[in-house]
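Heads up, the thing below is written out as structure tokens.
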Amino acid sequence: MAENKIIVAVPIVVEMSTPRFLAGGDETVLALDLTNMTKQKQKLIVHLKTEGYIVVTSARDQSAILAPNERKTLKIPVKARIGMGDGIIKVDVSELVFEGKN
């Protein structure tokens, strides 16, 4: 019986650092880490969407150019709305080129 290891990696790793909680009216800057795991330069568009008790206080679309295996951190300023409940941030990364295709 033969064995072989296969490594499967996602082309772009996206990780967001967030505080555990915010009080109504609090403002902070979140860190959104993007890591290009491909062997080619990526010109990405990052779109942010919020729901509930949090709002992005800057442009909802940001761009990032990453060299192969490069990591960049985008700063996302946010503000907590007055009230109590969940704040949801959704991140959509587009324009990924993989093996010469979009």
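The values are calculated or read from the model by the stated rules, or taken from the named source; none is laboratory data. In this text the structure is predicted, and so the values were computed from the model without any measurement. With ideal geometry, Cβ positions are generated from the backbone for all residues, glycine too; neighbour counts draw on all protein chains shown.
Going through 45, 54, 12, 65 one at a time, which residue ends up being aliphatic (A, V, I, L, M) and more than 16 Å from residue 95 (Cβ to Cβ)?
Being aliphatic (A, V, I, L, M) and more than 16 Å from residue 95 (Cβ to Cβ) holds for just one of 45, 54, 12, 65, which is 54.
If we keep just the residues of the range 77-88 that are surrounded by 14 or more Cβ atoms within 10 Å (Cβ to Cβ) and at pLDDT 95 or above, which is farthest from residue 31 (Cα to Cα)?
Taking the range 77-88 as the starting set, the residues that turn out to be surrounded by 14 or more Cβ atoms within 10 Å (Cβ to Cβ) are 78-81, 87.
Next, from what is left, pick out any that are at pLDDT 95 or above: 78-81.
On the way: 78: 11, 79: 14, 80: 16, 81: 19 Å.
For the range 77-88, the residue satisfying everything is 81.
With the requirement that a residue be touching a residue at least 40 places away in the same chain (Cβ under 8 Å) and either polar (S, T, N, Q) or surrounded by 16 or more Cβ atoms within 10 Å (Cβ to Cβ) (or both), what does the range 49-61 give you?
50
Spot the failing condition for residue 95; the list is (1) at negative phi; (2) within 14 Å of the chain's Cα centre (by Cα); (3) at pLDDT below 95, and only one is missed.
Failing condition for residue 95: (1).
Looking only at the range 13-27, how many residues end up being over 11 Å from the mean Cα position of the chain (by Cα) and surrounded by 15 or more Cβ atoms within 10 Å (Cβ to Cβ)?
2
Give me the pairs: first residue in the range 62-88 and closer than 13 Å to residue 12 by Cβ, second residue among the acidic types (Asp, Glu) and assigned to a strand (DSSP E or B), beta-carbon distance under 7 Å, and six or more apart or on different chains, which are they?
71/33
State all residues of the range 1-12 that are β-branched (Val, Ile, Thr), within 19 Å of the chain's Cα centre (by Cα) and loosely packed, with under 11 Cβ neighbours inside 10 Å; if no residue qualifies, say none.
10 - this is the single residue of the range 1-12 that is β-branched (Val, Ile, Thr), within 19 Å of the chain's Cα centre (by Cα) and loosely packed, with under 11 Cβ neighbours inside 10 Å.
Which one of 6, 82 is aliphatic (A, V, I, L, M), in contact with a Gly (Cβ under 6 Å, 6 or more places away or on another chain) and part of a loop (DSSP other than H, G, I, E, B)? Break it down into steps so the answer makes sense when it comes.
Values: 6 fails: in contact with a Gly (Cβ under 6 Å, 6 or more places away or on another chain).
Unique residue meeting the criteria: 82.
Out of 44, 34, which single residue is over 15 Å from residue 76 (Cα atoms) and assigned to a strand (DSSP E or B)? Don't jump to the end; show me each part of the working.
Values: 34 fails: over 15 Å from residue 76 (Cα atoms).
Within the list 44, 34, the selection yields 44.
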